[in-house]
Amino acid sequence: NDLATLMDVSVNQVISTCMSLGMFVSINQRLDAEAITIIADEFGYDVQFASTEEEADILEEDDAPEDLKPRAPIVTIMGHVDHGKTSLLDYIRNTKVTAGEAGGITQHIGAYDVTTDTGKRITFLDTPGHEAFTAMRARGAKVTDIVIIVVAADDNVMPQTKEAINHAQVAGVPIVIAINKIDKPNANPDKIKEELSKINILVEDWGGKYQCQHISAKTGVGIDDLLEKVLLEAELLDLKANPDKKAVATVVEASLDKGRGYVATVLVESGTLHVGDIILAGSNHGRVKAMFDHKGQKMKEAGPSMPVLILGLDGAPQSGDKMHVMDTEREARELSNKREQLLREQSIRTKKHITLDEIGRRLAIGSFKELNVIVKADFDGSVEALSDSLLKLSTTEVQVNIIHKGVGQISESDVLLASASDAIIVGFQVRPSSSARKLAENEQIEIRLYSIIYDAINEVKDAMEGMLAPKI
Ligand code: GDP
């Protein structure tokens, strides 16, 4: 309706143009930028977007190269359950607290920073596992520079190890391998390295590119070396941020605290956050009343890569939400209202993620280049057969990518990965768990279930040829 008004044509004309392009829309439907451009073009209009999204109300300042200062790497620890993620996080936290800063009560705030023996800082996200990592990524937040994959030397490379590696790789985040529990008599790190090589993770002493360290999260053996390897990886990334501007941060976690009101842990991305700053995070706003580090110590300011607990928001934003410092309270309030409104609209908006039906529409508007697929099946053989056949469907126009494949039930983490990577999930002789099904509904991720491989291949093939009749 708005678009028709802007172009001074009737709504019906716009709707029928949409239909001829394979989009079935209603009068109040929100259209994405891409669709608007194509439709307007049909009416002879050239579209210029004042901003690509509502967010652009907040212009992040560009930095001059000379203003950029080195910042600490942000690290997430991932791996199979019981391989020692929590033990490693705890060991590092307990032994690397900066000298002279003791006194406060260590509290879990979702992230902490340490200073290594060589005087360098590293920030750890304190929610081990790839689910949190991928959930953040699904919300557009990129808050991990390096991933440590923990594998227990007395066990094997397990499904969750592979999954974690996969999630890190899809996100393009460098990996350092930590072979843990090296203190155990039955530890066999060579076996782990061999298993890793089978999934194309070749560690350095095997001639590969992945740094690897034997550690014990129990005795502390190797942990300093592991941190040095992380720092080496960080050096290659040349991580920098401008500390001398209004802060931009990412929400790590937030909750309602009985005594203190809403508390949120944020990780400063760039700029410096100060007590008293007016802030906007997701659809919440407020003023930083007080700020604490993970040792419970009061802070006045926090620079890039620093995690801090802040008091003063009027609600709990979601983890992965961006936080900005605003000039005036009024501006912060107006934007938070606007975002709330947008969220409401979004929840009734049409599908945002890819589905087989959606392919036809995207093909029609010429914006479809890649189909990301996650394959889950009951046996390794069927996983491989299905993945290979799907890969072979790639054409010169559309590339099929199998971003993840595995044996077993479709899990929540599969759905999160699909959401973060705009993928569809194809299941063969498997079903989603009930929590995965619910999440898929919320995230609007398409899960296609098949019991005949041939059907799966044919449906994807038809969709890619734009032949699948849309279901209305
Ligand atoms: P997570 O599930 O990956 O977080 O694993 P945890 O950190 O909870 O560790 C699982 C179990 O392994 C716990 O009982 C730990 O005490 C034990 N553990 C972790 N690291 C080591 C280690 O280096 N050596 C030994 N012997 N035990 C460890």
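The values are calculated or read from the model by the stated rules, or taken from the named source; none is laboratory data. Given the structure is predicted, the values throughout are model-derived calculations rather than measurements. Quick reminder, even Gly has a Cβ in these numbers, built from the backbone with ideal geometry, and neighbours come from all protein chains shown. In case anyone asks, the SASA skips ligands and DNA or RNA and just uses the protein heavy atoms, side chains included. Shrake-Rupley method; radii C 1.70, N 1.55, O 1.52, S 1.80 Å.
With every protein chain kept in the model, how would you rank Thr17, Thr219 by accessible area, 1.4 Å probe, largest at the top?
Heavy-atom accessible area, descending, gives Thr219, Thr17.
Can you order the peptides 292-303, 140-151 by their average number of other Cβ atoms within 10 Å per residue, highest first?
Taking the mean over residues of other Cβ atoms within 10 Å, the ranking is 140-151, 292-303.
In percent, how large is the relative contact order of the chain, given Cα pairs closer than 8 Å and 6 or more residues apart?
Averaging sequence separation for qualifying contacts and normalising by length gives 13 percent for the chain.
What residues qualify as long-range amide H neighbours of Lys69, i.e. H under 5 Å apart, gap of 5 or more or another chain, H built at 1.01 Å from N?
Ala241, Asn242
What does the C-alpha gyration tensor say about the overall shape of the stretch 202-360? Classify as rounded when a/c is under 1.5, otherwise prolate if a/b is larger than b/c, or oblate.
Cα axes put the stretch 202-360 in the oblate bin.
Which percent of the accessible area of the chain is formed by carbon and sulfur heavy atoms (probe 1.4 angstrom)?
After summing per-atom areas, the C and S share lands at 49 percent.
May I ask what percent, to the nearest 5, of DSSP beta bridges between residues of the stretch 105-188 are antiparallel?
Here the share of antiparallel DSSP bridges comes out near 45 percent.
If every alpha-carbon in the stretch 151-275 counts as one equal scatterer, what log10 I(q)/I(0) does Debye give at q = 0.13 1/Å?
Values, matching the q order: -0.73.
Would you mind listing how long the chain runs along its three principal axes, going by Cα atoms, in whole Å with the largest first?
Largest first, the chain extends 71, 60, 44 Å along its Cα principal axes.
Which helices, counted as full DSSP H runs in the chain, have an axial Cα extent of no less than 20 Å and a Kyte-Doolittle average of -1.0 or above?
Helices meeting the criterion: 223-237.
For the stretch 171-184, what does the Karplus curve 6.51 cos²θ - 1.76 cosθ + 1.60, with θ = phi - 60°, yield as ³J(HN,Hα) per residue in whole Hz, taken in order and with x for Gly and Pro?
Calculated HN-Hα couplings, in order: 7, x, 9, x, 10, 10, 8, 10, 8, 9, 6, 5, 6, 6 Hz.
Below 8 Å between Cα atoms, with a sequence gap of 6+, how large is the relative contact order for the stretch 131-187 in percent?
43
Considering only the chain, what is the antiparallel percent among its DSSP beta bridges, to the nearest 5?
50
Restricting to Cα pairs below 8 Å that are 6+ residues apart, what does the relative contact order work out to for the stretch 254-294? Please round to a whole percent.
24
Based on the mean of other beta carbon atoms within 10 Å per residue, what is the order of 404-410, 380-386, most packed first?
Details: 404-410: 18.4, 380-386: 16.0.
Sorting 404-410, 380-386 by mean packing, highest first, produces 404-410, 380-386.
Counting Lys and Arg as +1 and Asp and Glu as -1, what is the net charge of the other residues whose Cβ lies under 14 Å from the Cβ of Leu313? Walk me through the intermediate numbers first.
Details: positive: Arg260, Arg287, Lys289, Lys322, Arg333, Arg339; negative: Glu253, Asp257, Asp277, Asp314, Asp321, Glu329, Glu340.
Taking every other residue near Leu313 into account, the sum is -1.
I'd like to check one number: the per residue accessible area of the chain, probe 1.4 Å, reported in Å² as a whole number.
Here the residues of the chain average 48 Å² of exposed surface.
To the nearest 500 deg cm²/dmol, what mean residue ellipticity at 222 nm is calculated for the chain from DSSP H runs of n ≥ 4 alone, each contributing -39,500 (n - 2.57), summed and divided by the residues?
Calculated from helices alone, the mean residue ellipticity at 222 nm is -10000 deg cm²/dmol.
Ordered by residue, what ³J(HN,Hα) values in Hz, to whole numbers, does the stretch 297-306 give under the Karplus form 6.51 cos²θ - 1.76 cosθ + 1.60, where θ = phi - 60° and Gly and Pro are x?
Ordered by residue, 3J(HN,Hα) equals 8, 5, 10, 9, 8, 9, x, x, 6, 8 Hz.
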